[in-house]
Structures are given as C-alpha cells and as structure tokens.
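Read the structure below first, then the notes.
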Amino acid sequence: MDWSLLAPEYILAGWAAMVVSVDLFWGRLRKDHLAYLAATGALVATLVSLVYVNEDKSFGNLIQIDNYATFFRVFFGLIAFFTCLASAQYVKDRLLHPGEYYALILLTAIGGIYMAAAKELLTAYISLELLSFSLYVLTSYAKFDLKSNEAGLKYMLLGAFSSAIFLYGMSLIYGVSGTTSFTGIGEALRGDTSEFALAMFLGLVLIIAGLGFKVAAVPFHMWTPDAYEGAPLPITAFISAISKAAGFALFLKLFAEAFMPILDDWRWMIAGLSAATMTLGNLVAIQQHNIKRLLAYSSIGQVGFMLVGIAALSPDAGSALVLHLTGYVITNLAAFVCVIIYFNQTGKEEIADYAGLAERAPFLALCLSIALFSLAGMPLFAGFATKFILFQAAAQEDLLWLSALAVFMSFVSLYYYLVVIKQMYLVEPVEKVRLPVPRMEYAVVAVLTIGVFLVGLYPQPLFDGVENATQFVFAASQGAAVAGGLGP
C-alpha cells in the first residue's frame, strides 16, 4: 500500500481538524477568517492533486488513483473552495460554531473523492456514507431554525432508508458474483447468468434505487425540495453540486466497470427513470414561488438529463456526461452564489422579492440571468454546449426518443427561468435603495460566470480533459472483456 497516493485527502482531513482547533482555541477570530482558512485548505489539496495526473496506481485494490480520480479530486476540491468563500458572510451573520461547519465541508469532499476513486462496493458504500452523514449535519446546522431541523431529519431518515436499500442490493450482487470488486463483478456477469438471473436483477434494481436517492432521481426525489428549502443557503448550493457530482461519478464508474456486460437488462430502467425525472422536475418547477424550491426542482430536471448519459452508456456518452456534469455544477454554483448574496442583504428568498433587482444590483441580476439561461441550455452558455454533446451521444446509442424528450424539457425549463428574469428586469422594485457590493462574493460569482462562458464558447480543453479521465473507466471494463476472451 502506497500511502502517499492519499496525500490530498490527508491534507483535507488535517485541515478540517486544524480549522476546528483554531475555532476552539481562538474564539475571538472573525468567523469569515475561518472561511478563508478552510478555502485555503481546499485549494492546497486541489493543487496537490495535480501531482497525480497520468498516474494509474491502486491502493490496496480498494481505491484507484488514475486520471478519473484526479479529475474529481480537483473538481470536488474546487467545489469546497467556492462553497467556503460563498459561506463567509452567511455563517458570520446567521450560524454558530463555524469551525465544525467548514470542517464538515472538507470532510464531505473526501467522501465524494473516494466515491469516484473506489474500486469495489464496500469502499464506495463507506465513502457514500461519509458524504451523506456530513450533509445530514450541515443541512440541519441552523439549529434554531425549525425548517433546517425538519429538512435535516427528513434527509437523514430517507437517506438511511436508501442506504439500507443500496447495501442490500450490494449483498445480492456479491452473492451472485462472489466478489465486491467492480471489474470482478463485470467478469462474473460476462458468463451465463441464467442460474442467478432473478437475484442479479433484484440486486441491480436495489442499487439503482439507492443511487437514485443520492442523485435525486424520480421517484426517489422526495427529500430534495424540503432539504433545499430548509438547509442554510450555502449548504443548499453545496448539496446541489457535490451530491450530484459524487453520485454520478460513482454511478458511471460502477455501471461501466461492473454492469456493462448486462447493459440490455438495465438500460430500459435508466431510460425510464431519466424520462420521468426530467418530466416531473421541470413541470413541477413551473409551480414554485420560492427560489430555493425552484432550483431544487430544476436540479431534479437536470438529473434527468444526466441519466441520459448512463442510459446511453458508452465511452462517448460517459465523457459527455462528465462534461455536462461539470458545466452544470459551475452554472448552478453561479446561480446559488447570486441567491446567497441577495439573501445576505435582504433576508428574502421568494421569487417575487427579486422584483427590480436589475436596478438595485445590475451586476448581480446579470450574472443570475446568465446562470439561468445556461441551465436552460441557451446558446453561448455552458448548458447549451454540454447538453448538445450529451444528447448527441445518446442519439448515437439509439436513444433518439430520449434525446428528443430532453430537448423538449429544456424548452419547458426556459419558461420558469424567464419568470425569475422577468421579475428582475421588468417589474418595478419595492425599494429603490441600491444593494451594497460585497467584494469577495462578487469576485466568486464573477469567476463562476466567466467559467460558464468559457465552457459554453470553448469547451474543447475541458472536453479533452474529461475524455482523458473517463477513458480509464472504460479501459478497465474493456480490459476485463479482453481477458475473458470477448475482446478483439
């Protein structure tokens, strides 16, 4: 075991302990300084992760450090970095015990990283639970807010139930394959599965249900609107980014390496989940009047689009999925940081409260509009480029009907995003006072907005990096196929 392979996670865990200690022994330190300290730790871990580019080593046959893991190390590190910066003012004004708050954000990033790097089921499950338990606590962190307490309780109870389902599915797959290794399961399923077809099918259904909860796919989405509305606003942004990214990182790796040989047995299930998720998410979002609940149902609709990439599982579809996931996270964080800035100044989160924002904070209204147009998939922005590549990859795998439905639902989503933009630009503000300009938060939203444009106008460098990362996932399954005599 080469323990040096885990250096970025040592840094995150050690930095989390240091942030708690600083908060404990230097209680008079300003809370926003802790945010900058935690963000520095996330950035340091991200930079150290770059040392492992083009590595392909295994840690005890439990964790694989390759370009796929490195990509998500950098990705999750940057999510934690931006979340810490976006939380500074909010935590300073509204929350107690900031040290534990920022430490949990760093620990959540570790769980997400190991979900992407796991080579076998038990490691993936433990990593998933590390991420989930940290998010349960963060969701209910505003302990004097009844909505936050309710959201955390619902999230925890439903999360525990889904974890049990996922664990039971794992046990069935272990029973029919005799191993928990992803590639070992793939080798076992390449043979004759008629003797254990029922147990295999049931295990597959339970694993899909468990992962479906983690990514908020219909009908496992019930926790999402309440958790988004009740959680502290920066944590809502964090959940929308890291739970989706980590869930799909595991989803893609598990199904590409373990379940690719029985693709025809589960493709129709994922395609059905995708269609139901994008339809319900986008239609119910139209009815929302709270900005957090609107973004919650919007994220459910986006999960439907991402499931298209799992249903169309192939090297091209896998790259397209990770590309869209990256563009979505950048865009969604940009939208949420705008919402956080507005909430910090006004304490309001109803869509009607955004009336006349273009007069009171022109830059903020512009950045939020750009993020919403990107989520809808409009040209020039990240959402258009990434959706186009994803839906094209699905059409090439004979899922043209699913791609057509996804395009239609993208048009539907444009309606409720335009409702918010209409409030900002066409409705007179109740108050004429200009909002103050918090420099740090404005810098964060500016960087994210530039990222939305870069991915939309010039996605090639990001796509090359994504393709280089995902080829390691599909190379593992193809290598196993060749070893089993099924390759060229």
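Which of the residues belonging to the range 277-291 are outside any helix (DSSP H, G or I) and either within 10 Å of VAL412 (Cα to Cα) or charged (D, E, K, R) (or both)?
If the condition is that a residue be outside any helix (DSSP H, G or I) and either within 10 Å of VAL412 (Cα to Cα) or charged (D, E, K, R) (or both), then ILE286 is the only one that fits.
What are the residues in the range 354-396 that are closer than 30 Å to LEU313 by Cα, in contact with a Leu (Cβ under 8 Å, 6 or more places away or on another chain), in contact (Cβ under 8 Å) with a residue 60 or more places away in the chain and not in a helix (DSSP H, G or I), if any?
Selection gives LEU380 alone.
Of everything in the range 153-203 that's touching a residue at least 60 places away in the same chain (Cβ under 8 Å) and closer than 30 Å to ALA227 by Cα, which residue is surrounded by the fewest Cβ atoms within 10 Å (Cβ to Cβ)?
Only one residue tops the list, namely LEU158.
Do we find a residue being over 15 Å from GLY247 (Cβ atoms) and in contact with an Asp or Glu (Cβ under 6 Å, 6 or more places away or on another chain) anywhere in the range 192-204?
Within the range 192-204 (the criterion being over 15 Å from GLY247 (Cβ atoms) and in contact with an Asp or Glu (Cβ under 6 Å, 6 or more places away or on another chain)), the answer is no, since none of the residues qualifies.
Can ALA443 be described as exposed (fewer than 13 other Cβ atoms within 10 Å of the Cβ) and either part of a helix (DSSP H, G or I) or at positive phi (or both)?
yes
Restricting to the range 218-256, and then to whatever is at pLDDT 90 or above and farther than 30 Å from VAL91 by Cβ, can you tell me which residue is surrounded by the fewest Cβ atoms within 10 Å (Cβ to Cβ)?
In this case the residue turns out to be LEU254.
If we scan the range 282-302, do we find a residue that is without any contact (Cβ under 8 Å) to a residue 24 or more places away in the chain, surrounded by fewer than 24 Cβ atoms within 10 Å (Cβ to Cβ) and under 19 Å from GLU350 (Cβ atoms)?
Yes, there is a match, as at least one residue in the range 282-302 is without any contact (Cβ under 8 Å) to a residue 24 or more places away in the chain, surrounded by fewer than 24 Cβ atoms within 10 Å (Cβ to Cβ) and under 19 Å from GLU350 (Cβ atoms).
Name, by its number, the condition in (1) outside any helix (DSSP H, G or I); (2) in contact (Cβ under 8 Å) with a residue 60 or more places away in the chain that does not hold for ASP226.
The failed condition is (1).
Go through PHE76, PHE71, PHE82 for me and flag whichever is in a helix (DSSP H, G or I), farther than 24 Å from PHE474 by Cβ and either of a type in the set (A, V, I, L, M, F, W, C) or free of Cβ contacts under 8 Å to residues at least 40 places away in the same chain (or both). Give the derivation first.
On the way: PHE76 fails: farther than 24 Å from PHE474 by Cβ; PHE71 fails: farther than 24 Å from PHE474 by Cβ.
On inspection, the qualifying residue turns out to be PHE82.
What is the number of the single condition among (1) of a type in the set (A, V, I, L, M, F, W, C); (2) surrounded by 14 or more Cβ atoms within 10 Å (Cβ to Cβ); (3) not in a helix (DSSP H, G or I) that VAL437 does not meet?
(2)
Which of the residues that make up the range 240-299 are in contact with a Pro (Cβ under 8 Å, 6 or more places away or on another chain) and closer than 20 Å to ILE330 by Cα?
ARG293, ALA296, TYR297
In the set ALA7, ALA13, which member is under 28 Å from ALA231 (Cα atoms) and among the aliphatic types (A, V, I, L, M)?
Just one listed residue meets the conditions, ALA13.
Considering only the range 23-42, how many residues are under 16 Å from ALA88 (Cα atoms) and either at pLDDT 90 or above or not in a loop (DSSP other than H, G, I, E, B) (or both)?
Number satisfying all stated conditions: 13.
Inside the range 130-148, can you point out the residues that are part of a helix (DSSP H, G or I) and either more than 23 Å from ALA164 (Cβ to Cβ) or out of contact with any helix residue (DSSP H, G or I) (no Cβ under 9 Å at 6 or more places or on another chain) (or both)?
Our first condition is that a residue be part of a helix (DSSP H, G or I); within the range 130-148, this holds for 130-139, 146-148.
Within the range 130-148, LEU146, LYS147, SER148 meet the criteria.
The values are calculated or read from the model by the stated rules, or taken from the named source; none is laboratory data. As the structure is a prediction and not an experimental result, all values here were calculated from the model. Methodologically, a virtual Cβ is constructed for each residue, glycine included, from the backbone with ideal geometry; neighbour enumeration extends over all protein chains shown.
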